[in-house]
Amino acid sequence: MVPLTTKDCLIMQALSNYSNTVYELNVLKRRLNLILNYETEIALEKNRLINLIDNEEKMIKQMESDLQNLNGIENKLYYEIVINGNNVTKAIDKVASNEFIDTSTLWKNYYPKVKKQIDNLYLLLSKEK
């Protein structure tokens, strides 16, 4: 076995330091890439949430406007369909029963006005998606 000189030891130490430094640099680069990817994902999620909030605010404004423009029975019919999620027939039956009005009167006189508002709301929803 050949004894190592001080010079040999220094060279081995330098190689070891170099190897460790390269490894640390690669780890730092990987960490930076992870952070950059995470920032990108956060930015995308932030934009998605902002869009969702804007869409929800538009829908609420549309609903509030619809409710302000509709009176009495029309308002109740709209409420049953849009807010409570009842289908049109069930909503008409419920409002007719509560208001003591014939369902044919609701179909003929009130539903067409409400249908316009509901169609506008669905158009707004379809544009946002």
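The values are calculated or read from the model by the stated rules, or taken from the named source; none is laboratory data. Keep in mind that this is a model prediction, so the values were computed, not measured. Because the Cβ atoms are built from the backbone with ideal geometry, glycine has one as well, and the counts that use them run over all protein chains shown. Surface accessibility is based on the protein's heavy atoms, side chains included, excluding ligands, DNA and RNA. Shrake-Rupley method; radii C 1.70, N 1.55, O 1.52, S 1.80 Å.
Below is a table of values for the structure above.
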| item | result |
| --- | --- |
| Student exercise, the range 69-116 dipole from Lys, Arg, Asp, Glu Cβ charges, in Debye to nearest 20 | 180 debye |
| Length gained when the stretch S65-I118 is fully extended (0.36 nm per residue, less Cα-Cα span) | 17.9 nm |
| Cα-Cα separations in the chain greater than 21 Å, expressed as whole percent | 64 percent |
| Nearest-20 debye value, the range 18-90 charge dipole, Cβ charges on Lys, Arg, Asp, Glu | 320 debye |
| Value of relative contact order over the range 7-129, rounded to a whole percent, pairs C-alpha under 8 Å and six or more apart | 24 percent |
| Between the range 33-51 and the range 81-112, the alpha-carbon center distance in angstrom | 46 Å |
| Positive-end residue, the chain charge dipole about Cα centroid, Cβ charges, pick of Y110, M59, I83 | M59 |
| Farthest toward positive dipole pole in the chain [+1 Lys/Arg, -1 Asp/Glu at C-beta], among L25, T6, N47 | T6 |
| Cα gyration tensor, the range 1-73 - rounded (a/c under 1.5), prolate or oblate | prolate |
| GNM top mover of L77, L106, L34 - the chain, alpha-carbon springs below 10 Å | L34 |
| Most mobile listed residue (A43, A91, A14) in the chain, GNM with C-alpha springs under 10 Å | A14 |
| Å² per residue, accessible surface of the chain at 1.4 Å | 79 Å² |
| Computed accessible area, K76, all protein chains, 1.4 angstrom probe, square angstrom | 90 Å² |
| Area of L36 that stays accessible when all protein chains are in place (1.4 Å probe, Å², to 10) | 80 Å² |
| The chain, dipole about Cα centre (Lys/Arg Cβ +1, Asp/Glu Cβ -1), debye to the nearest 20 | 280 debye |
